[in-house]
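The structure appears right after this line, and notes come after that.
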Amino acid sequence: ISNDTGLLHAADHLGTPNIGLIGPTAFGYTSQPQSLIIETELPCKPCSKDGSTPCINPVFKKCMKEILP
């Protein structure tokens, strides 16, 4: 289980089952069938290439806060 990091992509390419938590970024999706992406669909997403711009959603970082256990 990981956010969009190199380890998530390494696991994906090595065929290791993984769960990716994707927030405000425009990319970072895995490609293998054993991978699962969990994200929140919002009209403001992606807010930038890497999520570094200020959040414009009335609920700050809603894209991450709505990913529940």
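The fraction of all Cα pairs in the stretch 29-69 landing in successive 10 Å bins from 0 to the largest distance is 25, 48, 23, 3, given as whole percents. For the chain, relative contact order (Cα pairs under 8 Å, six or more residues apart, normalised by length) works out to 28 percent. Note on the chain: with charges restricted to the Cβ of Lys and Arg (+1) and Asp and Glu (-1), its dipole about the Cα centre is near 200 debye.
Just to be sure I understand, if you calculate log10 I(q)/I(0) by the Debye sum over Cα atoms at q = 0.14, 0.16 Å⁻¹ for this structure, which of [x] -0.53, -0.67; [y] -0.34, -0.45; [z] -0.42, -0.53 do you get? The value matching this structure is [z].
Calculated accessible area for the chain comes out at 66 Å² per residue, all protein chains present (probe 1.4 Å; ligands, DNA, RNA ignored). Protein heavy-atom surface of the chain, 1.4 angstrom probe: 64% of the accessible area is carbon and sulfur, with nucleic acids and ligands not counted.
With the charge dipole of the chain set up from +1 on Lys and Arg Cβ and -1 on Asp and Glu Cβ about the Cα centre, the Cα lying farthest toward the positive end among the listed residues Pro54, Ala10, Gln32 is that of Pro54.
Phi-derived couplings, Karplus 6.51 cos²θ - 1.76 cosθ + 1.60 at θ = phi - 60°, listed residue by residue for the stretch 38-51: 10, 7, 10, 7, 9, x, 8, 9, x, 8, 6, 4, 10, x Hz, with x used for Gly and Pro.
The values are calculated or read from the model by the stated rules, or taken from the named source; none is laboratory data. Predicted, not measured: the structure shown is a model, and the values here were computed from it. Note that we place each Cβ from the backbone using ideal geometry, even for glycine, and neighbour counts take in every protein chain shown. Heavy atoms of the whole protein, side chains included, go into the accessibility calculation; ligands, DNA and RNA do not. Shrake-Rupley method; radii C 1.70, N 1.55, O 1.52, S 1.80 Å.
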